[in-house]
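The values are calculated or read from the model by the stated rules, or taken from the named source; none is laboratory data. Note that the coordinates shown come from a computational prediction; the quantities given were computed from them, not determined experimentally. Cβ coordinates were reconstructed from backbone atoms using ideal geometry, including for glycine residues, and neighbour counts include every protein chain displayed.
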Amino acid sequence: MDAPVDNARAVAWPARMDHRRRRRAFHLLLATGSIMVLVGLGWGVFFAWRGEWAVAAMELAMAALGAGVIVMARLHRPRAASWVAFVGLTGVLCFFSAYLDVPTAQAPRTSHVFLLVLALCGHHVFRDEKPWLRYGLVVALLVLFVVFAAAPVTTPSSLAIAEDVRRVGIWINLATAVASLLIVVRLADSDIAEHRALHRALRDALSQRRFVLLYQPQVDAAGRIVGAEALLRWHDPRRGLIRPADFMQAAEDSGFILPLGHWVLQEACRQLAVWQATPALRHVRLSVNISALQLRQPDFVQHVDDVMTRSGIQADALTLELTESVLVHDMEDAVGKMRALHAMGVRLSLDDFGAGYASLSYLRDLPFAEMKIDRAFTRDVVRDAHAATITRNLLQLGRDLGIDVIAEGIEHDDQFALLGGQGCVLFQGYLFGRPMDVAAFTERIASS
């Protein structure tokens, strides 16, 4: 598990890209809310002046929804603001199309055109939601559009807007819809362009050997270094060291995580082979993080075996760290590969235990050799009795199951002392060393 950023000046370009992306979403929500307020108030006043109170009430309701979207966006609740805007606008548009904007031979319905804008906007705004939700929303909006577009010309109801107003509204609606479509397309193009630029930068960084591995010590109860975790960094000449948190999501989205993960495993095993050939470093184990996408590859086990064979390392010196999320997709396939790796002698570690999809069955039924107590518990272990109880129970669980337990995120002596008193014998954190290059790590062992 990587440590918090250790250099405030190393502000990464990908992080700034992500910031710009969030700012665009924020501005899109503000613009949407503002348009809803202005259009709702304008038409609401107009229809109230004409005495058409049902239409005026609907327009003022849209203005109120728009105000709610603005408030939630400014309170940094973009997801809630997005859902309020989409659900509210969908309801308003359906009511308008069904009861107020009734098509006639002289004036066709146009309110339903905004459902197309909402569908495109939803595909952009909800891209981080689960696929079934994102695409389900788009399909539902398109179906509603088709229903209203195919509805036959009918005699206006008592709630319908007067035909002379609707004939003018046709031009206003279509102009607004076209302008909205252009705005959403422009935002989507900006995101795609930045995503492609980041992918090119990642590919170039790998080909130009700009990725490096740093090593964070893992120590025993006496403070002796017994292992290390290999932590990936992108070394950019202008931006400095860039942490995985600032580019890994883009690497996974683009599939670049596969060649990058291949390089990390090769480099880690190469370095481990060097240590095993050095008497003072022969005892050091090395942990490498594995992503869910890597584990899902059909040839992953064979790939690990090939890398170990070429490097000539002892299998039990290599630890593959898996987060609980890798077990969510295709559990049967993951279990089969984990057991095959265990049979080869590779150690498996369950990272961030208790912080995600925690299940005791993972530790009971799967061949884990160790688990890591998440920093969310160790951070407050001294001043929070509940956190101390959790760490004590996790350490006892490890002893009962016969697996090693590493407490990570240790930064202060009192954390080290309390966890040691609870029976913890393996630690990782800034107290024992920040992530360092291989030369510094070797020197650290030599001086200990």
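For the reader, a short list of remarks on this structure follows.
- ALA205 being touching a helix residue (DSSP H, G or I) at 6+ places or on another chain (Cβ under 6 Å) and touching a residue at least 12 places away in the same chain (Cβ under 8 Å): no
Quick grid of which residues meet (1) over 20 Å from HIS123 (Cα atoms); (2) without any contact (Cβ under 8 Å) to a residue 12 or more places away in the chain:
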| position | (1), (2) |
| --- | --- |
| GLY51 | yes, yes |
| ALA63 | yes, no |
| ALA67 | yes, no |
| MET72 | yes, no |
| HIS76 | yes, yes |
| TRP83 | no, yes |
| VAL87 | no, yes |
| GLY91 | no, yes |
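- Just one residue in the set LEU118, LEU133 is crowded, with 17+ Cβ neighbours inside 10 Å, in contact with a Phe, Trp or Tyr (Cβ under 8 Å, 6 or more places away or on another chain) and in the same structural domain as ASN173 (by TED's automatic domain parsing); that residue is LEU118.
- Members of the stretch 382-410 that are out of contact with any helix residue (DSSP H, G or I) (no Cβ under 8 Å at 6 or more places or on another chain) and more than 17 Å from ALA221 (Cβ to Cβ): ARG383, ASP384, ALA385, HIS386, THR389, ASN393, ASP400, GLY402
- Selection over the stretch 419-438 of residues that are in contact with a helix residue (DSSP H, G or I) (Cβ under 7 Å, 6 or more places away or on another chain), in a loop (DSSP other than H, G, I, E, B) and under 24 Å from HIS235 (Cα atoms) gives a count of 1.
- Filter result (at pLDDT below 85 and buried (at least 19 other Cβ atoms within 10 Å of the Cβ)) within the stretch 202-236: LEU202
- Residues of the stretch 366-377 include none that is over 20 Å from LEU320 (Cα atoms), crowded, with 19+ Cβ neighbours inside 10 Å and in contact with a Leu (Cβ under 7 Å, 6 or more places away or on another chain).
- Total residues in the stretch 109-134, condition in a helix (DSSP H, G or I) and either touching a residue at least 12 places away in the same chain (Cβ under 8 Å) or of a type outside the set (Phe, Trp, Tyr) (or both): 16
- Checked against the criteria, PHE441 does not count as touching a strand residue (DSSP E or B) at 6+ places or on another chain (Cβ under 7 Å) and either part of a strand (DSSP E or B) or among the small types (Gly, Ala, Ser) (or both).
- Looking only at the stretch 405-424, and only at residues there that are crowded, with 18+ Cβ neighbours inside 10 Å and touching a residue at least 40 places away in the same chain (Cβ under 8 Å), the one that is nearest to ARG379 (Cα to Cα): GLY409
- For the stretch 182-241, the candidate set comprises residues that are on the phi > 0 side of the Ramachandran plot and outside any strand (DSSP E or B); within that set, the residue that is farthest from the chain's Cα centre (by Cα) is GLY223.
- Any hit, the stretch 305-312, residues being under 26 Å from the mean Cα position of the chain (by Cα), assigned to a helix (DSSP H, G or I) and closer than 24 Å to LEU202 by Cβ: no
- Filter result for ASP330 (at pLDDT below 90, buried (at least 21 other Cβ atoms within 10 Å of the Cβ) and either over 24 Å from ASP400 (Cα atoms) or in the same structural domain as ALA230 (by TED's automatic domain parsing) (or both)): no
- Among the residues making up the stretch 120-137, a single one is closer than 17 Å to LEU28 by Cβ and modelled with pLDDT of 85 or more: LEU137.
- The set of residues in the stretch 128-155 that are over 24 Å from THR176 (Cα atoms) and of a type outside the set (Asp, Glu) comprises LYS130, PRO131, TRP132, LEU133, ARG134, TYR135, GLY136, PRO152, THR154, THR155.
- Looking only at the stretch 82-106, and only at residues there that are part of a helix (DSSP H, G or I) and small (Gly, Ala, Ser), the one that is surrounded by the most Cβ atoms within 10 Å (Cβ to Cβ): ALA85
- Considering the conditions (1) of a type in the set (Lys, Arg); (2) surrounded by fewer than 16 Cβ atoms within 10 Å (Cβ to Cβ); (3) at pLDDT 90 or above, ARG285 is excluded by exactly one of them, (2).
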